[in-house]
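> What follows is a structure written as structure tokens; I'll ask about it next.
The values are calculated or read from the model by the stated rules, or taken from the named source; none is laboratory data. In this text the structure is predicted, and so the values were computed from the model without any measurement. When we count neighbours, we look across all protein chains shown, and the Cβ atoms used for this are built from the backbone with ideal geometry, even at glycine.
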Amino acid sequence: MQVHRAIRRATMFIGMAAALTLGIASQAAATTVNITYTGSVTNGDDQLGVFGSSGASLTGAAYKLVFTVDSTVGSYSTIVDPLFSGDQIFGGISATMTINGHTHVFAGVGGPGGNFDIVATKPGFGEFGQQFAVSGPSTLDEVLMGLTSTNPGVGFPTSVYTGFALSSCPAGSCTAGGMLQIASAGHSTFARLGFGSVVSAIAPIATTPLPASLPLLISALGGLGLVGWKRRNAEAA
């Protein structure tokens, strides 16, 4: 009976140590994807005064749009299609838009909300885009941006986890741009976004480092358990 209890305790201890190790490994693999667009508004009207004075025109104003994708919140999947290949992340996306020195945070409901970050390619074709949208009975908070090319140039992204930088449309025929809509109580701010540049950067999510003393503590606990088990066996004998 003493031996069985000792074995159970040892098994439990090993399981806890393994779970700790797996937890650290999974956290270390977590990443954020930051996609930053810059350009100018091709046409827009700010009825709500989100980016300055109410009713002001946004046409011609420079913008900076940043999407942040949290891989620990979003759901990753690959695209399965005979004509396309790529991957995507659903959810875990937040966004901020800065125009005229004013920044609007697309906070969503209950944290980073959602939508998609997608890259799809086939020979002679490529596209990627991001979208954030939250709507209610009388509100709308939405921004989307993307680029499609029928002849992707060097540096065109092939994965949501590949960093890239494009200062213009890739070589060949392409279309790029986006749209911003913010609505509340019958008024709205609207803008069509011209494409200037896009940069995607991948960064690991900070995790709590393993304390240097933890392996020593685990070793000490294991040694104490072994000594106790031997002592009980000796007393029983």
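> Out of the stretch 152-175, which residues are in contact (Cβ under 8 Å) with a residue 24 or more places away in the chain, more than 16 Å from VAL66 (Cα to Cα) and small (Gly, Ala, Ser)?
SER159, SER168, SER173
> I want to confirm something. Restricting to the stretch 145-168 and keeping residues that are surrounded by fewer than 16 Cβ atoms within 10 Å (Cβ to Cβ) and in contact with a Ser or Thr (Cβ under 7 Å, 6 or more places away or on another chain), which single residue is nearest to ASN34 (Cα to Cα)?
GLY163
> Anything in the stretch 123-142 that is assigned to a strand (DSSP E or B) and either within 14 Å of PHE195 (Cβ to Cβ) or without any contact (Cβ under 8 Å) to a residue 12 or more places away in the chain (or both)? List them, or say none.
GLU127, PHE128, GLY129, GLN130, SER135
> Looking only at the stretch 42-81, count every residue that is in a loop (DSSP other than H, G, I, E, B), over 16 Å from GLN181 (Cα atoms) and not hydroxyl-bearing (Ser, Thr, Tyr) and tell me the total.
Count: 4.
> Here's a follow-up. Of all residues in the stretch 38-75, count the ones that are more than 10 Å from the chain's Cα centre (by Cα), over 19 Å from LEU193 (Cβ atoms) and among the hydroxyl-bearing types (Ser, Thr, Tyr).
Counting residues in the stretch 38-75 that are more than 10 Å from the chain's Cα centre (by Cα), over 19 Å from LEU193 (Cβ atoms) and among the hydroxyl-bearing types (Ser, Thr, Tyr) gives 2.
> Here's a follow-up. For LEU140, are the conditions met, namely being modelled with pLDDT of 85 or more, surrounded by fewer than 17 Cβ atoms within 10 Å (Cβ to Cβ), hydrophobic (A, V, I, L, M, F, W, C) and closer than 18 Å to LEU48 by Cα?
yes
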